[in-house]
1. Among the numbered criteria (1) in a helix (DSSP H, G or I); (2) open to solvent by 70 Å² or more (accessible area, probe 1.4 Å), which one does T11 miss?
2. Tally the residues that are basic (K, R) and either at pLDDT 90 or above or surrounded by 10 or more Cβ atoms within 10 Å (Cβ to Cβ) (or both), restricting the search to segment 19-70.
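The values are calculated or read from the model by the stated rules, or taken from the named source; none is laboratory data. This structure is a prediction, so every number in the text was calculated from the model and none was measured. Heads up, the Cβs are rebuilt from the backbone with ideal geometry, glycines too, and the neighbour counts pull from every protein chain shown. Heavy atoms of the whole protein, side chains included, go into the accessibility calculation; ligands, DNA and RNA do not. Shrake-Rupley method; radii C 1.70, N 1.55, O 1.52, S 1.80 Å.
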Amino acid sequence: MAESALRRSDTENRIDVIQALILLSLTQTGCGDKGAAFIYASRAVGMILNMGLNLARKYDQTSVSPRFRERIERC
């Protein structure tokens, strides 16, 4: 069922699709099918890169307490 759902949303980059691909990859790894696991994981990584989820966001420094900010600046 998960594979057929993924085929329907093949061109969509969404978090739930990425999660499904990772779960399918882990399932295939557990079954010993490393080839299928690699394909699922590669598709998930491709979507992650397309969505820019690998890029670090700038932090809002106002939400960090002054005590922690002071400790970070000393390093």
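1. (1)
2. Within segment 19-70, residues that are basic (K, R) and either at pLDDT 90 or above or surrounded by 10 or more Cβ atoms within 10 Å (Cβ to Cβ) (or both) number 3.
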